[in-house]
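The values are calculated or read from the model by the stated rules, or taken from the named source; none is laboratory data. Worth saying up front: this structure is predicted, and the values here are computed from it rather than measured. Remember, those area values only see protein heavy atoms, side chains included, never the ligands or the DNA or RNA. Shrake-Rupley method; radii C 1.70, N 1.55, O 1.52, S 1.80 Å.
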Amino acid sequence: DRSSAASEVYKRQVEQRKVKKMGSASAEEIKLKEHELQEYSKISSFSYSELDQLYQYYQHFSSSGTDDGVIDYKEFCQALSLPDTLVTKRIFFLFDTNGDSVINFREFVVGLTYCMYETTEQQVKFSFQLFDINNCGYCTKQDLKDVLLSYTSIMPNLMILQSTTKDASGVLKSIVDQMVEETFKNMKLSDPDKLSYEEYRGMYLKKHFAMKWLTMDMDKLSEGVHLLTSDMKKKQRALEKKKGKICGQK
């Protein structure tokens, strides 16, 4: 049962914090149980060893702000090295499937797997959900404007504009507004003020210039997740090598 597996993990985290405070064990000594590994491997693309490493990583960040066994928004930004933007808030929302404003381990595993999209269709679906701010199955002009404008604070070439232009925010808003208005004007939409999923999909697959900003950030997110798992593998190999040397000395 998925909810019981998540509940068991949370209970163990509570016990772990008690043990840690007593100073009788370290966080790394507590791992996922066999049936939990089986459960999480079924709903993700991670191996058993990756899940164990991911669990250690999750525990570290879930206690980096408030030691409560779950990841809040601030800890989430830190864990995935994401800036505080509207898009990051939307990604956090997509991870937080039960809507309790924090991310438990199961949601973290599923969310990371979702971000490691291996097909264009997965990327289209995920990015559409970012734009669909009201979760109504379509995105409006304003949705696109708000999300695209949120990129302007982190894109290197636009950061230069912001530092050299007096009314940079006004200029950037004007650029985004014009881009979105022209996009809607040039597309044959069933509703002139909003995009359905299929219409958005068509625009995305045609690599419309309005999508370039989004794709850059989506690729950055996916790259971050892949680097995270790569880093976990390196740490695991280093740990195994260290254990091997200790055993050899004995």
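Rundown of residues vs (1) modelled with pLDDT of 85 or more; (2) of a type in the set (D, E, K, R); (3) closer than 16 Å to residue 143 by Cα, yes/no style:
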residue	(1), (2), (3)
178	yes, no, yes
187	no, no, no
196	yes, no, yes
200	yes, no, yes
203	no, no, yes
215	no, no, no
219	no, yes, no
By my count, helices (runs of 4 or more DSSP H) wholly in the stretch 66-126 with at least 2 residues that are open to solvent by 30 Å² or more (accessible area, probe 1.4 Å), of a type in the set (D, E, K, R) and modelled with pLDDT of 85 or more are none
